[in-house]
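In what follows, a single structure is set out as structure tokens and then discussed.
The values are calculated or read from the model by the stated rules, or taken from the named source; none is laboratory data. None of these values were measured; they are calculated from a predicted model. So basically every Cβ, Gly included, is an ideal-geometry build from the backbone, and we count neighbours across all protein chains shown. Calculation scope for accessible area: heavy atoms of the full protein, side chains included, ligands and nucleic acids excluded. Shrake-Rupley method; radii C 1.70, N 1.55, O 1.52, S 1.80 Å.
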Amino acid sequence: MPLEAGLLEILACPACHAPLEEADAELICTGTDCGLAYPVRDGIPVLLVDEARRPA
């Protein structure tokens, strides 16, 4: 389920404050030094650094 465009515009990475972009069931940080991937569960973004997937 895609997030509303207005919501995605105001969300930011909690770690580095860079914008997020939606990919599959995750929100990916666009920061070049960060790149964390936050899960989206039941249409709700889980923006907790402890829950994020580190970049490969």
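Structure data summary
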{"item": "Tally of residues being farther than 14 Å from Arg53 by Cα and either open to solvent by 60 Å² or more (accessible area, probe 1.4 Å) or of a type outside the set (A, V, I, L, M, F, W, C) (or both) across region 7-21", "result": "6"}
{"item": "Selected residue [assigned to a strand (DSSP E or B) and in contact with a Cys (Cβ under 7 Å, 6 or more places away or on another chain)] from Leu27, Leu20", "result": "Leu20"}
{"item": "Qualifying positions in region 26-47 - open to solvent by 100 Å² or more (accessible area, probe 1.4 Å) and either acidic (Asp, Glu) or touching a strand residue (DSSP E or B) at 6+ places or on another chain (Cβ under 8 Å) (or both)", "result": "Asp33, Asp42"}
